[in-house]
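The values are calculated or read from the model by the stated rules, or taken from the named source; none is laboratory data. Just so you know, these numbers come straight off a predicted model, no measurement behind them. Note that we place each Cβ from the backbone using ideal geometry, even for glycine, and neighbour counts take in every protein chain shown. Note: areas computed on protein heavy atoms with side chains; ligands, DNA, RNA excluded. Shrake-Rupley method; radii C 1.70, N 1.55, O 1.52, S 1.80 Å.
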Amino acid sequence: MKTLLLTIDAWRASHASFMPDAVGDHTPNLAALAEDGTAFSQAVSHGPATPYAFPSVFTSTLPLDYGGYESLSDERTLVSEALQGGGWSAAGVHANPWLGEKYGYGRGYDIYRDVGEFGLPGLERGRQFLLDNFSLDSSVYRAAQTLYRTVQGPLRMLGGGDAAEIEVARKALEKSSDETFVWTHLLEPHAPYTPPKRHRDAVGVPETDATPSQLVTRAQHSPEEFTEHEREVVRGLYAASVRHADEKAGKLLDAVDDDTLVVVTADHGEALFEHGQVGHEPALYDELTHVPLLVRPPGGAAAELVETQAQHLDIAPTILDYAGVEPPASYRGRSLRPAVEGDGIESRVAISEVASSATEPGRLAPDELQVAARTPDRKLIHADGEVVAFDLHDDPDEREPIPDPVGDDWGNLRTALDDRLATIDIGESEGVERDKEVQERLRNLGYID
């Protein structure tokens, strides 16, 4: 058996075609996979952005465990490390600067590739020349960057290599034997929402004078100034970007056989003008923490839809269960295999958390601590020293905070929230150094100005 873990950046649960009440049919390839798999309609990410979410995906621990998320402590065991200990090989490929080897994410992999910007062989010297002689926001640097993006596909083909996430992952799946774990992460539909025209046309994105990147960048900074027409354009561009991600996913799934375990999820969601935000600055509302989750086991699944709440904590234990590898004692989650096989799972409260500011993403900041405790029907959020409550059944958009919730259901959530708050110990920021290229890539993704 092989295992494929496909993670998709900034993908809302509302924009997964296999989820109940999906907005449009934007993921037909993944919906086709779901016909033989199990979709979890109430899956929760433990963090609202990539650096806060991925520790849980890979290590089945909460973001602020073991010193936090600035880099992964050796005390956390990645699923790749656990599989390696069980005799498996592993290949990982991504283009997100938060997931670099310097942050601990490359442990346990035989192949670990960052196919981000200026990543082609032979271009490093040219990139460094630009960085040494021009500012990151200079017209010269940006023109060179635009040219690179335009020609990178043909350059890869001429060079005989292909650094695209999908091609690296496809080759890893096709050339490997059993007991191989492949993880790939797609940046689409992450901002700045610049999908190909064919996807914009399919969605019917309204016309506008601004380019997609210009419009989305402005939306990230000043969403309150947008007209309803402009909001429709941004939402359309996002939906088209989801279609682009699904198209890429389909090319990868073509290399997957029936005996491969496939797990698909988003690291986090995306705000599209909810709560005064476009993007995913630190907040714990459902548009950021409610994510798609799909498990297609070898031979197909018995259960098509599971409404019991699942969590990112459960992904690594599920992979290890199917692989026949014992999970580390540090893992907080449980295997979802019983649910996939139709036996059900118990309901558990999900914790999401972050302790960073919008101006210093990825940096630990104790004064910025936010923690949420969630069930499919209710949520408590601790932020700014206060606790607010939302009835997700009657108020799914979290627009009407409840000031003083009472009752057993709220009491159980409050206990879970208080227990988590009591265990969090945020130390000083380690300040992991980010080189100029990482800074620029984060700027292009809208994380920093």
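Below are the figures for this structure:
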{"quantity": "Residue among TYR285, TYR331 that alone is modelled with pLDDT of 95 or more, of a type in the set (Phe, Trp, Tyr) and out of contact with any Phe, Trp or Tyr (no Cβ under 9 Å at 6 or more places or on another chain)", "calculated": "TYR331"}
{"quantity": "Subset of region 387-413 that is buried (at least 16 other Cβ atoms within 10 Å of the Cβ) and in a loop (DSSP other than H, G, I, E, B) - its residue that is farthest from the chain's Cα centre (by Cα)", "calculated": "PRO405"}
{"quantity": "In region 414-431, the residues that are more than 17 Å from THR375 (Cα to Cα), open to solvent by 40 Å² or more (accessible area, probe 1.4 Å) and at pLDDT 90 or above", "calculated": "LEU421, ALA422, THR423"}
{"quantity": "Members of region 191-248 found to be within 22 Å of the chain's Cα centre (by Cα), of a type in the set (S, T, N, Q) and either under 17 Å from PRO28 (Cα atoms) or open to solvent by less than 30 Å² (accessible area, probe 1.4 Å) (or both), listed by number", "calculated": "SER241"}
{"quantity": "Test: residue in region 50-66 that is over 28 Å from ASP254 (Cα atoms), among the acidic types (Asp, Glu) and either at pLDDT below 95 or in contact with a Cys (Cβ under 9 Å, 6 or more places away or on another chain) (or both)", "calculated": "no"}
{"quantity": "Every residue from region 249-301 that is small (Gly, Ala, Ser), open to solvent by 10 Å² or more (accessible area, probe 1.4 Å) and either touching a Cys at 6+ places or on another chain (Cβ under 6 Å) or under 16 Å from LEU5 (Cβ atoms) (or both)", "calculated": "ALA255"}
{"quantity": "In region 336-363, the residues that are surrounded by fewer than 22 Cβ atoms within 10 Å (Cβ to Cβ), closer than 28 Å to GLY68 by Cα and among the hydrophobic types (A, V, I, L, M, F, W, C)", "calculated": "VAL349, ALA358"}
{"quantity": "Residues located in region 80-90, provided they are out of contact with any Lys or Arg (no Cβ under 8 Å at 6 or more places or on another chain) and under 21 Å from ARG170 (Cβ atoms)", "calculated": "LEU83, TRP88, SER89, ALA90"}
{"quantity": "Pick from region 74-100, criterion of a type in the set (S, T, N, Q) and touching a helix residue (DSSP H, G or I) at 6+ places or on another chain (Cβ under 9 Å), ranking: farthest from LEU186 (Cα to Cα)", "calculated": "THR77"}
